Amino acid sequence: MIALPPIQFDRTTGVLDGANAWERLAALALSSGSKVASAFSHRGYNSCANLLRRTLPERDISVKLNPDATFEFPYGDGYWSKLLNRAYCYEGELELLFRHSADVDYTLIDCGANFGYWSVLVSSAPYGSHDAIAIEPSSQNFAKLKNNADINGNRFEIMNSAIGAVRGTARLSGTKHEAFSISGTSGRGGEEVPVIALDNLLDDGTLSGGGKYLIKLDVEGVEVDAIKGGTRLLQGDSVVLCEEHGNDSNHTVSRYILEHTPLKLIVYDPLSNRLETATELSILDRIKVSSHVGYNVFGTASAFWQDRIDALNASATRRMQ
């Protein structure tokens, strides 16, 4: 069977091309559903979208994120179809930092890259055309990641690997592409994947010790191990961007950063629209209001990046005045 060409969607203009009548109606449902569900942190949206997806032909949608960034995923995918809602902002705290860092000569280390959304964006001209290394363990996801690298001129590197405390192998488990994990898996079942530590990127010459790095860790329960495996990398001009799970009342990742590393813990406070340096964890009790949502927290030992974050906060303060 010949694969259908991707549907085309431009987030800037809202123009949808190449879709039949039913696919157009589905796009309206997916967009409208996201707008309604946004009031509830999109609870239930993924499941509803995936049900709708079963009624659609198997094809991709190619979303133009900006004039220099194209991101493809299966049409109707519950996780990514929120992008059809042009008002939707994916991981706003990361967007804030990446946008403000467009003029910095840094490399993105995109761990748990999934289909490569952030690598596509950060390597695009409006975000500064940065180098990026997208690291994804799942062979299923990696194929889609490779496609997104291809359609964006292979301007970022891709690696098929998991991130952990040490180099080795592990078993990948999970049924949702956005939630595959090597955490808690036994030696049976699941896809066997290679594991590397962040510091191995220095050992292998992939990264230089004197560079500036933003390290996104979306590694589904292995964040602490990943931090342990990046001790040398995180001593330099690096920021680690980790997901805190909304259902984790112990704030495990932030607690580890605060109590067991020399890194400063920085959290995004939606009330002030600032990245606040946290010296204790109670602020997360207020910020983490949805149990099914991930919240990104930052850790850095870099005076350079701390100064950049201070400048970002100053600009946010001026915007609110």
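Quick look at the values:
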{"quantity": "Residue match in region 168-178 (condition: closer than 20 Å to residue 236 by Cβ and either out of contact with any Lys or Arg (no Cβ under 8 Å at 6 or more places or on another chain) or among the polar types (S, T, N, Q) (or both))", "calculated": "no"}
{"quantity": "Residue ID - farthest from the chain's Cα centre (by Cα), chosen from residues in region 39-62 that are within 26 Å of residue 273 (Cβ to Cβ) and open to solvent by less than 50 Å² (accessible area, probe 1.4 Å)", "calculated": "45"}
{"quantity": "Filter result for residue 103 (within 27 Å of residue 162 (Cα to Cα) and under 23 Å from the mean Cα position of the chain (by Cα))", "calculated": "no"}
{"quantity": "Among the residues listed as 83, 28, the single one being assigned to a helix (DSSP H, G or I) and touching a residue at least 24 places away in the same chain (Cβ under 8 Å)", "calculated": "83"}
{"quantity": "Tally of residues being out of contact with any strand residue (DSSP E or B) (no Cβ under 9 Å at 6 or more places or on another chain) and touching a residue at least 12 places away in the same chain (Cβ under 8 Å) across region 257-270", "calculated": "2"}
{"quantity": "Tabulated pairs, region 285-297, first more than 18 Å from residue 255 (Cα to Cα) and open to solvent by less than 20 Å² (accessible area, probe 1.4 Å), second modelled with pLDDT of 85 or more and part of a strand (DSSP E or B), C-beta under 8 angstrom, 6+ apart or interchain", "calculated": "none"}
{"quantity": "Residue match in region 120-132 (condition: in a strand (DSSP E or B) and over 26 Å from residue 181 (Cβ atoms))", "calculated": "yes"}
{"quantity": "Residue identified as modelled with pLDDT of 95 or more, buried (at least 17 other Cβ atoms within 10 Å of the Cβ) and under 22 Å from residue 242 (Cβ atoms) among 132, 170", "calculated": "132"}
{"quantity": "Residue satisfying condition, being closer than 25 Å to residue 119 by Cα and not in a strand (DSSP E or B), within set 76, 33", "calculated": "76"}
{"quantity": "Criterion: among the hydroxyl-bearing types (Ser, Thr, Tyr), in contact (Cβ under 8 Å) with a residue 40 or more places away in the chain and buried (at least 17 other Cβ atoms within 10 Å of the Cβ) - qualifying residue of 101, 139", "calculated": "101"}
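The values are calculated or read from the model by the stated rules, or taken from the named source; none is laboratory data. All of these numbers come straight from a predicted model, not from anything done at the bench. With ideal geometry, Cβ positions are generated from the backbone for all residues, glycine too; neighbour counts draw on all protein chains shown. When the accessible area is computed, the model is the full protein with side chains, heavy atoms only, and any ligands, DNA or RNA have been set aside. Shrake-Rupley method; radii C 1.70, N 1.55, O 1.52, S 1.80 Å.
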